[in-house]
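Following: one structure in structure tokens, then a few remarks.
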Amino acid sequence: MERKWWQDKVCYQIWPKSFQDSNGDGVGDIPGIIARLDHLKGLGVDILWLSPVYKSPLADQGYDIADYRGIDPRFGTLEDMDRLLAETKRRGMYVIMDLVANHCSDEHPWFRKALSDPEGPYGRYFYFRKGENGAPPTNWRGYFGGSVWSPVPGRKDLYYLHLFCEKQPDLNWQNPAVRREVMEMVNWWLDRGVAGFRIDAIVNIGKPERWESFAPDRPDGLADCRKMLADPVARRRLHTYLGQLRDEAFAPHDAFTVGEVFDTDPAELSLFIGRGGFFSSMFDFSAACWGKSPKGWYAAKKPGPDDYRDCAFASARQAAGIGFLSNIIENHDEPRGVSHYLPEEAASDPRAQKALAAVQMLLPGLPFLYQGQEIGMTNTVFPSIDGVDDVNTRGEYAAALAAGLSPAEALARVAPMSRDNARTPVQWTDGHAAGFTAGTPWLPVNPNYTRVNVQAQDGVAGSVLEFYKQLISLRKNDKYKEALVWGGFAPVHQEQPGLAAFVRDGGGRRLLVASNLSGGEQRLELPGAAGAVLLCSDGAPALAHGVLTLAPWQAAVVELA
Ligand code: TEU
């Protein structure tokens with residue numbers, strides 16, 4: 001595999017609205033991020049992915065962009081952004097931005113001009129279609145529920161397409177002018193000093209030639225819009241556009257790019273992340289998708305630790321020899337990893353949180369932490385649906401009601417999946433608003449902040465935060481890098497319930513990573529003679545006669561002879 005500058009890095013996602021507020025308005029901002037760079041440097045992370053900070057009405061929290069070259073005043077100014085780039089550079093860190101170009105905001109000047117003249121040049125930046133007999137052009141349901149079509153105000157029977165919410169009109173990538181706008185914008189940021197992009201919802205940019213309705217798949221009479229993504233023409237178009245992005249923007253800058261790619265066929269992996277692929281990396285969503293139901297969140301099954309292990313291991317094997325997947329246990333769209341993958345009684349247990357961390361951080365691929373993960377932040381509580389900000393959660397709640405659930409049941413079922421779980425403010429201290437803001441936070445702080453916060457863990461032996469630091473420094477240690485970054489991967493005793501174990505080997509070293517993801521003891525025969533114990537999450541593991549015994553929720557890294 002070709003060696004690249006980003007492969008031995010550790011990445012960290014910042015969701016700016018909830019990271020750190022610097023001016024007391026209750027909303028996180030770029031100066032707040034700058035103020036916390038030393039925390040991130042101390043943790044050992046290198047590449048910071050900033051969820052959108054562009055000018056936006058925030059209908060989907062910035063994933064609805066009204067100006068691709070401007071910073072939203074709530075987050076700061078372009079000068080703040082330049083300062084962030086300089087301050088990270090000074091610390092040997094990198095910033096990647098979120099490239100949200102499947103759609104823009106309905107408040108973007110392009111869409112405003114398009115609405116006033118749908119047949120004009122800006123009309124061709126979007127998808128306008130005529131309905132039939134008073135009904136929208138197709139019966140596609142958008143990602144957040146409801147039709148993907150909204151009527152154009154003042155125009156009889158004319159609609160525009162939005163796969164996400166109605167304030168996120170899809171950009172027409174078939175139009176070369178749109179592609180040129182995107183290439184120029186991407187190059188503008190790369191020239192300014194950003195190291196690359198996380199690429200949002202990108203599989204949606206290739207649209208089929210013929211737009212047809214599908215058989216309805218829910219009581220609303222609509223059909224999941226994702227069905228059209230499998231269309232061969234849509235797929236071919238996607239590949240063409242991604243090739244153009246790579247050739248005209250990413251490759252000339254040696255940018256680091258990570259795609260938000262769902263549902264890839266393993267056969268396509270090398271096209272996406274192999275040598276000369278579209279992206280540097282793409283997220284492994286296999287565990288995140290486990291248990292999801294076509295009916296909606298209310299019908300989702302909760303995965304357990306073994307499901308997480310099996311998904312992660314399968315992905316690691318698929319990507320072996322091809323490229324680097326990006327490994328996550330959570331992000332701004334998902335529940336908190338510890339709440340989602342650990343059994344309920346263990347979600348807040350620092351031992352269990354560390355055991356899960358050891359697996360994620362030492363798998364092959366690129367580790368991505370999400371803000372707050374490093375201190376074991378958990379899902380929050382939802383007293384009522386009125387307190388939910390997220391457009392996605394509201395749509396899923398409506399789907400649950402439509403399926404006949406009572407309001408209380410619907411809330412109880414969608415709450416564990418809500419995107420607001422990961423969007424509560426980062427818990428820095430046990431003081432006012434967890435040290436996130438001097439004012440009133442835009443979304444309530446998770447009530448557990450008095451116990452779970454950075455201040456309580458920083459420099460405290462045995463804390464989740466200190467363990468993450470150890471995992472990261474082990475991964476970066478020159479002695480073990482060949483094994484942990486570029487080395488091989490072989491699962492060990494994968495059939496053993498509650499155990500996630502694997503060997504990483506490279507540079508003449510073999511390391512066993514063994515994590516007890518259960519509340520009982522785990523014993524495993526070592527796949528080689530035991531050498532030094534390089535790391536242990538709690539105490540020391542018991543090693544005798546070629547058998548490793550792990551206490552409940554204990555994780556260890558052992559060098560093998
Ligand atoms: O997400 C794309 C996407 O597919 C999500 O809708 C996902 O299915 C859902 O959030 C699962 O909970 C990206 C962004 O990550 C998300 O925050 C945006 O809302 C979306 O694109 C639109 O830009």
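The values are calculated or read from the model by the stated rules, or taken from the named source; none is laboratory data. Quick caveat: nothing in here was measured; it's all calculated off a predicted structure. Note that each Cβ is placed from the backbone with ideal geometry, even for glycine, and that neighbours are counted across all protein chains shown.
Observations on the model:
- Taking the criterion of being farther than 13 Å from residue 359 by Cα and in contact (Cβ under 8 Å) with a residue 60 or more places away in the chain, the residues of segment 530-548 that qualify are 534, 538.
- For segment 135-179, the candidate set comprises residues that are away from the ligand (no atom under 16 Å from the Cβ), under 26 Å from residue 67 (Cβ atoms) and β-branched (Val, Ile, Thr); within that set, the residue that is surrounded by the most Cβ atoms within 10 Å (Cβ to Cβ) is 178.
- Residue that is surrounded by the fewest Cβ atoms within 10 Å (Cβ to Cβ) [pool: residues in segment 306-340 that are among the hydroxyl-bearing types (Ser, Thr, Tyr) and away from the ligand (no atom under 16 Å from the Cβ)]: 315
- Test: residue in segment 517-529 that is under 25 Å from the mean Cα position of the chain (by Cα), closer than 20 Å to residue 354 by Cα and either surrounded by 17 or more Cβ atoms within 10 Å (Cβ to Cβ) or polar (S, T, N, Q) (or both): yes
- The residue list 82, 38, 21 contains one member that is charged (D, E, K, R) and crowded, with 16+ Cβ neighbours inside 10 Å, which is 21.
- Comparison of 514, 500 shows that the only residue that is touching a residue at least 40 places away in the same chain (Cβ under 8 Å), surrounded by 22 or more Cβ atoms within 10 Å (Cβ to Cβ) and over 20 Å from residue 319 (Cα atoms) is 514.
- Cβ separations smaller than 8 Å between residues 6+ apart or across chains give the following pairs from segment 173-191 residues that are in contact (Cβ under 8 Å) with a residue 24 or more places away in the chain to residues that are of a type in the set (Asp, Glu): 183/248; 187/248.
- Qualifying residue in segment 254-271 (condition: aromatic (Phe, Trp, Tyr), at pLDDT 95 or above and more than 16 Å from the ligand (Cβ to nearest atom)): yes
- Residues satisfying the stated conditions in segment 62-121, i.e. more than 16 Å from the ligand (Cβ to nearest atom) and closer than 19 Å to residue 255 by Cβ: 69, 81, 82, 84, 85, 86, 88, 89, 92, 93, 94, 95
- Residue within segment 430-442 that is crowded, with 22+ Cβ neighbours inside 10 Å, of a type in the set (Phe, Trp, Tyr), within 16 Å of residue 16 (Cβ to Cβ) and out of contact with any strand residue (DSSP E or B) (no Cβ under 8 Å at 6 or more places or on another chain) present: yes
- Filtered by the rule that a residue be hydroxyl-bearing (Ser, Thr, Tyr) and either within 24 Å of the chain's Cα centre (by Cα) or closer than 22 Å to residue 360 by Cα (or both), segment 433-491 gives 449, 463, 468, 473, 480.
- First in segment 406-417 and within 17 Å of residue 339 (Cα to Cα), second anywhere and of a type in the set (A, V, I, L, M) and within 13 Å of the ligand (Cβ to nearest atom), Cβ under 7 Å, 6 or more apart: 417/300
- Scanning segment 198-235 for residues that are more than 14 Å from the ligand (Cβ to nearest atom) and touching a Gly at 6+ places or on another chain (Cβ under 7 Å) gives 234, 235.
- Residue check, residue 179 out of contact with any Lys or Arg (no Cβ under 7 Å at 6 or more places or on another chain) and assigned to a strand (DSSP E or B): no
- Residue count for segment 122-175, restricted to those that are modelled with pLDDT under 95, in a loop (DSSP other than H, G, I, E, B) and among the charged types (D, E, K, R): 3
- Counted residues, segment 111-159 - those being hydroxyl-bearing (Ser, Thr, Tyr) and at positive phi: 0
- Selection of first residues in segment 253-279 that are farther than 13 Å from residue 202 by Cβ and of second residues that are hydroxyl-bearing (Ser, Thr, Tyr) and within 15 Å of the ligand (Cβ to nearest atom), restricted to Cβ pairs under 9 Å at least 6 apart or on distinct chains, gives the following pairs, ordered by first then second residue: 271/264.
- Test set (1) out of contact with any Lys or Arg (no Cβ under 8 Å at 6 or more places or on another chain); (2) farther than 23 Å from residue 40 by Cα; (3) surrounded by 20 or more Cβ atoms within 10 Å (Cβ to Cβ); (4) not β-branched (Val, Ile, Thr) - residue 474 fails condition number: (2)
- Residue 16 being touching a strand residue (DSSP E or B) at 6+ places or on another chain (Cβ under 7 Å) and within 16 Å of the ligand (Cβ to nearest atom): yes
- Odd one out for residue 59 among (1) buried (at least 20 other Cβ atoms within 10 Å of the Cβ); (2) within 16 Å of the ligand (Cβ to nearest atom); (3) not basic (Lys, Arg): (1)
- Selection count, segment 316-351, where residues are of a type in the set (Gly, Ala, Ser) and free of Cβ contacts under 8 Å to residues at least 40 places away in the same chain: 2
- Test: residue in segment 281-292 that is within 16 Å of the ligand (Cβ to nearest atom), part of a loop (DSSP other than H, G, I, E, B), modelled with pLDDT under 95 and surrounded by fewer than 16 Cβ atoms within 10 Å (Cβ to Cβ): no
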